[in-house]
Each structure stands twice: as C-alpha cells, then as structure tokens.
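The values are calculated or read from the model by the stated rules, or taken from the named source; none is laboratory data. From a predicted model like this one, the values you see are computed outputs, not experimental measurements. A quick note on method: Cβ atoms are made from the backbone with ideal geometry, for glycine too, and the neighbour counts reach across all protein chains shown.
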Amino acid sequence: MLIEKNATGTTLQLTLDQKDDWIKYVELAADHDFYHTWQYHAMAANGEPVLFVYSEAGNFIAIPLLSRTIEGTIYKDLHCVYGYSGPISNLRFENVADNLKDNFLKAFHIFLHQGKFVSVFSKLHPFFNQNKLLKETDGLHRNGKTIAIDLQQSVEAQYKQYRQSTKESIKRCRRLGYTARESESQADIATFTNLYQSNMNRISAKDFYLFDEDYFTQLIRSTAFDCKLILVYLDNELACGSIIMCTNGIIQGHLIASNASHLKNSPAKFLIDEVSILGRKWGMKYYHLGGGLGFKEDSLLEWKLGFSNLALDYYSWRYIANEPVYNQLVEKSGFDNSDTPDFFPLYRMKP
C-alpha cells in the first residue's frame, strides 16, 4: 500500500494485499455493486488490481481498476473488471462538493503520471451517476442504453410493459412445463458451465468470455456477495441458465446461456420473468438486464426492450493520460487516430 499526503488530502494505492482496507472502503460507499468488491477483483485474470483512494475532511472517492503492461514499452494502462464498476464514494456523486471532485482528479492524474499509465478505460454503473464526477475530464463517452425492470412496481404494471411476443413466449414455456429453480450443487454448476461454454463457442465469443467451472464455483460459493445460479429445465434437460448477482437492491443479469435445441421456445424470456418474481421475494428493487452487444442498439437490446421501457443512459470513461505516447502507440499498432472504431484504447485493437 502506497500512501501520499499533500496540503488538501491523502491518496492510497491499495492492492489485493490490503484486503481489509479494500473491503472497508467498498462497504463505506454510498453506492456500490459486487463489481467493486475485493473478491471479484481477486478473480480477475487480465490485470493487476488496484484501488485508488483519495480522501479529505472525512470524505473519499475511490476507483478500482486493473493495471496492464503495454508490451515492448515502459508504459502501462488501466482498465476495469468485466461489468459495471467505475468510481465510488461515501457520498452520492450528486452531493459531492466541486473541490473534492477537483482534488480527486488532480491526485488521480499525479498517480497516472507517476505510474506511467497511458490511458484509463472503465465501464460506468448506470445507476450511480458517476458521470457527475467525470464529466469535466474529456474522457466521458456515451455508449447508449441499458435496460432494467423496476421491481418496485406491481407485477401487473410490469407485465403491461412486456411486448406481446415476450408474453407469448413466457406463456408457451409455462404451458409446455418449463420450470425454474435455484441451485448451488457442484453437479449443476458443471452442467451450467458446459451449457455456457457451448453457447460461447456457438457465437464465436472471444477467449476472455470462456469462463470455466472453477470461475463459476468461486462466484456461487463466495460469501463476499450474493450470487445465485438459476436454471430452467424441461423434464430433465437443462434449457437455460443464468448467473445473477444481488447487491444493494439491484439484480445484475451477469451471464446467461440457452440450450440451442430449446431456442425456438425462448426459455431465456421465461427465466427473466421468473427471476423478476423471485427478486421481489428477495427484496430487490431493480433487475438490470444490460444493453446490446458491445452496447450497440442492436437486436439484443431490442430483445431486452421486450421486457421494460426503463432505459438507462450508459457511459464509459475513456481517458487519455499521456496523449503523445498514446498517439505513438496507435501509430505503431497500424491504426490512425482518424479511425473511429468503438474501441478503447485503440492501440490494443487487433487489426
């Protein structure tokens, strides 16, 4: 743990070795999700976790990130874990004073300079107003929309928002005898893993998304967050399954997979409807379905809009800390800064 003090406040750079301190700051946050936790960062395999904390006058702002070396250089960059993380604070961001925001950003910039970090990428949380903190940095990027179901409304009001095709698919699954259940058994975790990996191979997903049985077991067995495995069966065959995470009133639809032989019956729609009912019993306020593939307004987003008209603005933070070096890396990668693919940092995009 590195500690630096100046005239206005204190900065901390926590690693996984400072588990108790990491957990403390996350628990003190006015808003946080499981994506911010020490345990979830400890599971990350694509970078070295760091929690940067700036504090002054009893308040703090922190941001968890993963540090990566840039091959063939003395430089590094920062990106986030899979999911919606971004900064946290003991205050809600709409209530954070301007001087605290400014001092955090100044301290963070010093941290970037000293650590030779070229860029920062973080997916922001659609519920937490983190853009209030980052809007002055020139790195705030509007990605589009994500979809959530409001579980505080009545079930009847929720169903009125369902598209007719969504209602028909759910009714068909019930009529055919599909059932949903929660499970923690290792056998079911293994069965879900096989289904998930088969799904990812079917859609030619990148290796990063090919999570294995050990990954799912760690999530489901963790005591650091509330992870649930929900499975949908027809007779004795697994038709669909989802890993969902319940944190501070929000259900995150973390991962989902469907059996190709059942796609014609849309068991995933049935699963989402069942989870929305269970969520009320668990005291949850929202069921966050997420956005389109790569956060585009595509067929996946349209599919999710079949459940709810609650569309949230989604942002990512794409901050260039060292523009000359960034430009050199982009040029070396074979791209040009005039290229405009939706990818950041551009130098890590494969031709």
Of the residues in the range 84-138 that are under 20 Å from the mean Cα position of the chain (by Cα), of a type outside the set (Phe, Trp, Tyr) and part of a strand (DSSP E or B), the one that is surrounded by the fewest Cβ atoms within 10 Å (Cβ to Cβ) is Lys123
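With the requirement that a residue be among the hydroxyl-bearing types (Ser, Thr, Tyr) and in contact with a Gly (Cβ under 7 Å, 6 or more places away or on another chain), what does the range 50-96 give you?
Residues of the range 50-96 that are among the hydroxyl-bearing types (Ser, Thr, Tyr), as a first pass: 54-55, 67, 69, 73, 75, 82, 84-85, 89.
Within the range 50-96, Tyr54, Ser55, Ser67 meet the criteria.
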Among the residues in the range 45-66, are any part of a strand (DSSP E or B), among the aliphatic types (A, V, I, L, M), within 23 Å of Asp207 (Cβ to Cβ) and not assigned by TED's automatic domain parsing to the domain that holds Thr247? yes
Of a type in the set (Gly, Ala, Ser) and surrounded by 15 or more Cβ atoms within 10 Å (Cβ to Cβ): is that true of Gly241 in this structure?
yes
Over the range 15-54, the set of residues in contact with a strand residue (DSSP E or B) (Cβ under 8 Å, 6 or more places away or on another chain), buried (at least 20 other Cβ atoms within 10 Å of the Cβ) and among the hydroxyl-bearing types (Ser, Thr, Tyr) is Tyr25, Tyr35, Tyr54
Scanning the range 164-214 residue by residue, those buried (at least 16 other Cβ atoms within 10 Å of the Cβ) and over 17 Å from Pro267 (Cβ atoms) turn out to be Ile189, Thr193, Gln197, Met200, Phe211, Glu213
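With the condition kept exactly as written, say whether any residue in the range 286-293 is assigned to a helix (DSSP H, G or I), aliphatic (A, V, I, L, M) and within 26 Å of Phe128 (Cβ to Cβ). Walk me through how you get there before you give the answer.
Within the range 286-293, the subset assigned to a helix (DSSP H, G or I) is 293.
When the remaining residues are screened for being aliphatic (A, V, I, L, M), the result is 293.
Those left that are additionally within 26 Å of Phe128 (Cβ to Cβ): 293.
So far as the range 286-293 goes, yes, one or more of its residues are assigned to a helix (DSSP H, G or I), aliphatic (A, V, I, L, M) and within 26 Å of Phe128 (Cβ to Cβ).
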